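Readers should treat all values here as calculations from the given coordinates under stated rules, not as data from a laboratory. Bear in mind that the values here come from a model prediction, so they are computed numbers and not experimental data.
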Amino acid sequence: MAYSGKFRPRNLKKYKGDINNIFYRSSWECKYMAFLDRDPRVLEWSSEEIVIPYKSPIDGRYHRYFVDFYVKHMTVDGPKVFLVEIKPKKQTKEPEKKKRITKQYINEVATWGVNQAKWSAATEYCLDRGWKFKILTEDELGV
């Protein structure tokens, strides 16, 4: 499976957005898209169609966060809406302090800070709408 490419859904009515503009940026995202497309409990979904402003801790300016997925899912309690981000588990944890400050460590800390700002904004966005924000890693995706 390619790491990035264009996804073509089979259940066109489930996709909320431009069906000709669905891109995956990892094999994990592609796998999740295929799941969303075929799972009968998924009522509707979209990829990178919801944009949330967030303030970057790096430059103090507002940027736009394109959330990986919007998912409306049927549960035992009725339909629920989730915003879903796909990330490697390593990126969901604060980097361990290093004895030597390397460029890699600085990049990891910066990525962590930006991700925290994005996820905080997404959580607030969801709370305002009665939705839930979830981060899925290789553990939940079974990869």
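Quick notes on this one:
- What separates the Cα centres of the range 66-143 and the range 10-39 is a distance of 19 Å.
- Reach of K31 by Cα under 17 Å, taken over aspartates and glutamates that are not fewer than 8 positions away in the same chain: D39, E44, E48, D68, E85, E138, D139, E140
- Relative to its residue count, the range 36-94 spans a Cα convex hull of 120 Å³ per residue.
- Directionally averaged shadow of the range 10-63, computed from the convex hull of its alpha-carbon atoms, nm²: 5.0 nm²
- q = 0.12 Å⁻¹, the chain: log10 I(q)/I(0) [Debye, one scatterer per Cα]: -0.55
- Set K13/K72; K90/K134; K93/K132; K6/K134; K72/K134 screened for pairs whose C-alpha atoms are more than 18 Å apart: K93/K132; K6/K134
- 3J(HN,Hα) along the range 109-123, derived from phi through the Karplus expression 6.51 cos²θ - 1.76 cosθ + 1.60 where θ = phi - 60°, amounts to 5, 5, 4, 4, x, 5, 4, 4, 5, 4, 5, 5, 5, 5, 5 Hz, with x in place of Gly and Pro.
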